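Asks: Let me give you the structure first, and then I'll get to my questions.
Read the figures in this text as sums done on the coordinates, not as results from a lab. Remember, predicted model here, so these are calculated numbers, not experimental data. Glycine gets a Cβ as well: all are built from the backbone with ideal geometry, and neighbour counts include every protein chain shown.
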Amino acid sequence: MKTNWVERLWIDGPWRIPFQVNAIRSFKRLHDMAPPRRVLEIGCGRGVGARLILEAFRPERLEAVDIDPAMIRRARRRLAPELGSRLVFQVADAEALPFPDRSMDAVFNFGIMHHLEDWNRGVREIARMLKPEGVFYFEEFYPALYAGPVFKHVLVHPRENRFDGPQFRSALEGEGLRLVEGYRETRYSIIGAATRLASGG
Ligand SMILES: C[S@@+](CC[C@H](N)C(=O)[O-])C[C@H]1O[C@@H](n2cnc3c(N)ncnc32)[C@H](O)[C@@H]1O
């Protein structure tokens, strides 16, 4: 589900950037990797996360997708010099991604799973695309934050079938994604990493 103008004030402002910087540092701390061949960012928004991924993980190729064509246009403008074989932005739905099975060394999620109508399907897609021992890096938010007494009136998110911490972590495990020790979770959010079991799927 696309963001509304209130949420865009938050995610498109300078105040969002330190949170993404904090997340990428946590990702590196939780599970660093040699420069990967191919990685994916889902729900890339205006492209801040894509730049951080390029700098921190140095992938040979980063695919970054968002369901909102306006976001993809902004991301392409922001990272114009980097576009090419190393970085590709495209419009795509995180619930039905146009990439083959076991094609990604890592998938990055800066706060988008809670925007999916069917978030379990999103988790399945991530597990499907990860290579064995590939890594899912995530910063994610729970209803205690975005559906709390104030935010539920001003933000637009799917209302049905939401997930809290235990449900999110259990869905990852159910798809063969094993949580890396050291993830940080509160009742509002989680920052973590999970590796695809070598024997999975
Ligand atoms: C809360 S914003 C986060 C944007 C950016 N990742 C950040 O951290 O600032 C959620 C983003 O996910 C995108 N989005 C929502 N539903 C999506 C879907 N089904 N597939 C891909 N992107 C989606 C929205 O358009 C928006 O850019």
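Asks: When DSSP assigns beta bridges and you keep just the ones with both residues in the chain, what percent turn out antiparallel, to the nearest 5?
Replies: Details: 13 of 33 bridges.
Bridges in the chain are about 40 percent antiparallel.
Asks: If the cut-off is a Cα-Cα distance under 17 Å, which lysines reach Lys152, setting aside same-chain residues fewer than 8 apart in sequence?
Replies: The qualifying lysines are Lys2.
Asks: Using θ = phi - 60° and the Karplus relation 6.51 cos²θ - 1.76 cosθ + 1.60, list the HN-Hα couplings for segment 62-72 in order, rounded to whole Hz, with x at every Gly or Pro.
Replies: My calculation for segment 62-72 gives 10, 9, 10, 10, 8, 7, 9, x, 5, 5, 5 Hz in order.
Asks: For segment 117-201, what is the convex hull (Cα atoms) projected area averaged across all directions, in square nanometres? Spell out each step's value before the answer.
Replies: Working: hull surface 22.2 nm².
Taking the Cα atoms of segment 117-201, their convex hull projects to 5.5 nm² on average.
Asks: When Tyr142, Tyr188, Tyr137 are ordered from fewest to most other Cβ atoms inside 10 Å of their Cβ, what list results?
Replies: Working: Tyr142 21, Tyr188 13, Tyr137 25.
The order, fewest Cβ neighbours first, is Tyr188, Tyr142, Tyr137.
Asks: On to the next question. Taking Cα atoms of the chain, Rg/Rh with Kirkwood Rh, to two decimals? Please report the intermediate quantities before stating the final value.
Replies: Details: Rg = 15.6 Å, Rh = 16.8 Å.
My calculation of the ratio gives 0.93.
Asks: Show which lysines lie in cross-link reach of Lys28 when reach means a straight Cα distance below 24 angstrom and same-chain residues fewer than eight apart are skipped.
Replies: Lys131
Asks: Could you order peptides 160-166, 23-29 by the average number of other Cβ atoms within 10 Å of their residues, highest first? Let's see the in-between values first.
Replies: Details: 160-166: 12.9, 23-29: 18.4.
Going from most to least packed, we get 23-29, 160-166.
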